[in-house]
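Remarks on the structure that follows.
The values are calculated or read from the model by the stated rules, or taken from the named source; none is laboratory data. These numbers come from a predicted model, not from an experiment. Cβ coordinates were reconstructed from backbone atoms using ideal geometry, including for glycine residues, and neighbour counts include every protein chain displayed.
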Amino acid sequence: MKDNYNGALQQPISSGFNAFSTTSDVIKGIDLHGKTVIVTGGYAGIGLETVRTLASAGAKVTVPARDTGKAIRNLAGVENVSIEAMDLADPASIDTFAEKFLHTSQPLHLLINNAGIMWVPLQRDKRGYESQLSTNHLGHFQLTARLWPALKQAGGARVISVSSYGHQMAPFNFEDPNFLVREYETLQGYGQSKTANNLFAVELDHRGKVAGVRAFSLHPGSVNGTDLGRVAPMDLFRQMGTHDADGNIFPEVAAKLKTIPQGAATTVWCATSPQLNGIGGVYCENADIAELDNGSIAKRYDDPLSLRGVQPYSLDGANAAKLWALSEQMTGVVFTAG
């Protein structure tokens, strides 16, 4: 079984889907009855759409939520869904959630690490770790480690990390990941956390495939109607050429954004498609495996569909193993996958 160290498997497979495919398109013909799923952040944006889609296909879905009240409101009327408290920036709450789930003795067929924060001002968790790294990567690393027995028990599971084109903003800075020395830049913090998502998928797949657990990372696309960038400085959007001086998105840019069902399609495809059987560790977009970006892809922020491809540094085998060791050190969690 090959893995995706250094992008060995990183090439499109002509899935038949594209940037405009929706969750309804990719779930067609998929039966998830008898499958157990966990979706972090599954109560807003593309996470909510992911939960609705998987539950509609018969899966039993658990949504760990930092804001349980909001989760209860947003998931009202969705069948086959349960809500539990958990905060990815709080290691104790992750352990409590995982222990409760393991106590049910259920196998875990799909773990979708969807929750995340973006472009926030400098904030630190109780350990002093920068918040985007803590929430987007370290929390999910710990959660996956704690749930590993249930993933192995499934006899064929997938772990999906919702990454972003934002990984192209920064490689992982192993010398100063928490901005203790260098000046904090929110785009750098976000970029390295998304690079970490990709490296984690590469290494998790490398270690976990012998136990029947495959891992994937993905870019959902530029999606309209989510609250992910709600605290981002408007100046960033202006600099990218997507918004005018008054903070309004240019209509021609808005017209190119994905809908939420289109934005969640790649997550659902990675989680359920038989086209990915026997493949793992790859970074996906537009419901297909993404192209390796060796500098030949022209990109413009005011043309969201041009924001594609995956950087080789985020698939580097040596850095994937190095990040795994650092993550164990930072979380205090020994993760022996396999």
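Odds and ends about this structure:
- Qualifying residue in region 78-85 (condition: touching a residue at least 40 places away in the same chain (Cβ under 8 Å) and not acidic (Asp, Glu)): yes
- If you filter region 273-308 down to residues that are touching a helix residue (DSSP H, G or I) at 6+ places or on another chain (Cβ under 8 Å) and of a type in the set (Gly, Ala, Ser), you find that the one that is surrounded by the most Cβ atoms within 10 Å (Cβ to Cβ) is Gly281.
- Filter result for the condition that a residue is in contact (Cβ under 8 Å) with a residue 12 or more places away in the chain, assigned to a loop (DSSP other than H, G, I, E, B) and basic (Lys, Arg), over Lys126, Lys152: Lys126
- Only residues that are surrounded by 20 or more Cβ atoms within 10 Å (Cβ to Cβ) and closer than 14 Å to Val39 by Cα were counted in region 75-97, giving 6.
- Neighbours by Cβ (under 6 Å, 6+ apart or cross-chain): first from region 245-272, closer than 22 Å to Arg158 by Cβ and surrounded by 17 or more Cβ atoms within 10 Å (Cβ to Cβ); second among the basic types (Lys, Arg) and at pLDDT 70 or above: Ala271/Arg158
- Taking region 23-74 and the helices (runs of 4 or more DSSP H) fully enclosed by it, the elements with 3 or more residues that are more than 14 Å from Thr267 (Cα to Cα) are at 68-74.
- Cross-chain or 6+ apart pairs with Cβ under 7 Å, region 32-60 first and at positive phi and at pLDDT 95 or above, then part of a loop (DSSP other than H, G, I, E, B) and of a type in the set (Ser, Thr, Tyr): none
- Count - residues of region 279-303 that are aliphatic (A, V, I, L, M), in contact (Cβ under 8 Å) with a residue 12 or more places away in the chain and more than 30 Å from Arg207 (Cα to Cα): 1
- When Ala154 is tested against (1) in contact with a helix residue (DSSP H, G or I) (Cβ under 9 Å, 6 or more places away or on another chain); (2) modelled with pLDDT of 95 or more, just one condition goes unmet, and that condition is (1).
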